[in-house]
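This report concerns only the one structure given below.
The values are calculated or read from the model by the stated rules, or taken from the named source; none is laboratory data. From a predicted model like this one, the values you see are computed outputs, not experimental measurements. Note that each Cβ is placed from the backbone with ideal geometry, even for glycine, and that neighbours are counted across all protein chains shown.
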Amino acid sequence: MTRRFALMIDPVTASEERVDFGDTFTMVDAAAPALSVGELSTQRGDGVFESIGVIDGHAQEVVPHLERLAHSARLCDLPVPNQEQWRQAIQVAAAECGDGEAVIKLILSRGVEHGPTPTAWVTAAPAADFSTARVGGVRVVTLDRGYDLGAAERAPWLLLGAKTLSYAVNMAALREAHRRDADDAIFLSSDGFVLEAPTASLILRLGDRFVTPVPNGGILHGTTQLSVYEYLAARGFEVGYDRVAASVLPTADAAWLVSSVRLAAPITAVDGVSLPVDAALTAELNAYLLSPRD
């Protein structure tokens, strides 16, 4: 893909049943002004989003991404997106991506301040080159997320389980990781449990068992993590979800950060402590993640 692409969506209710939503999309120049200055996505980060990997024009894991977008919308009291409308929009965007790797972003915002309807759009752009991270791995540091595992249930207004546009903290965490001579970060709860990375899920190998932190306490249920688990389970490995204590991290037999666009990046060190890297399995995982998946 050599150019960016944008598609504005006229949101319709989730209950509206139609065969063709093509007249609800408007193609726009991705470099041209398209949002109002009163748009709450830019003023307050008041909205939700998803990032979908695209391989040779095929959008990956569309259904899990749309389900998570709807989940985030409900948590934020936004109108639930019409899944068929968004699926068709993704199809249009993916067709513009061509060969190679790209990324489609779905954005659903509260809309213009005091406006009657939300704002919605889809963008497509070339993906960054993550080949170095996939092969050479990443060094991570652990950072306190500032809340305990019970915070999401105790204070739902914090929106800890929603994938919102308010990503300033996530980006600040990545900058802090770079200041500490690392490539990425892993958030810890204030009571000492592993959460997730700012833009990725964590998978640990403990012997022949693969574990990821339970998707509660503000952890997003990773779409790529689900795909990895499908592959590992088909290979006969045991996969599961646990409350993972921070002390377990440096003792893992291997670990990966997984996400829709970077795919599987092996962790080579945690807080300066080296971790074993399973290069062969990592290559297998990325080959699988680069294959077409719905």
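Laid out as a table, the results:
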item: Some residue of the range 201-211 being within 20 Å of the chain's Cα centre (by Cα) and over 21 Å from Leu285 (Cα atoms); result: no
item: Close pairs (8 angstrom Cβ cut-off, 6 or more residues apart or separate chains): within 15 Å of Glu50 (Cβ to Cβ) in the range 153-182, of a type in the set (Phe, Trp, Tyr) anywhere; result: Lys163/Phe49; Thr164/Phe49; Leu165/Phe49
item: Total residues in the range 13-34, condition closer than 15 Å to Leu106 by Cα, touching a helix residue (DSSP H, G or I) at 6+ places or on another chain (Cβ under 9 Å) and aliphatic (A, V, I, L, M); result: 1
item: Residue, modelled with the highest pLDDT, within the range 130-189, restricted to residues that are touching a Leu at 6+ places or on another chain (Cβ under 8 Å) and of a type in the set (Lys, Arg); result: Arg134
item: The range 18-46 residues that are at positive phi, paired with ones that are assigned to a loop (DSSP other than H, G, I, E, B) and among the hydroxyl-bearing types (Ser, Thr, Tyr) (beta carbon under 7 Å, 6 or more apart); result: Gly45/Ser166
item: Odd one out for Gly111, checked against (1) in contact (Cβ under 8 Å) with a residue 12 or more places away in the chain; (2) under 19 Å from His221 (Cβ atoms); result: (2)
item: Matching strands (runs of 3 or more DSSP E) fully within the range 176-268 where at least 2 residues are surrounded by fewer than 18 Cβ atoms within 10 Å (Cβ to Cβ); result: 238-242
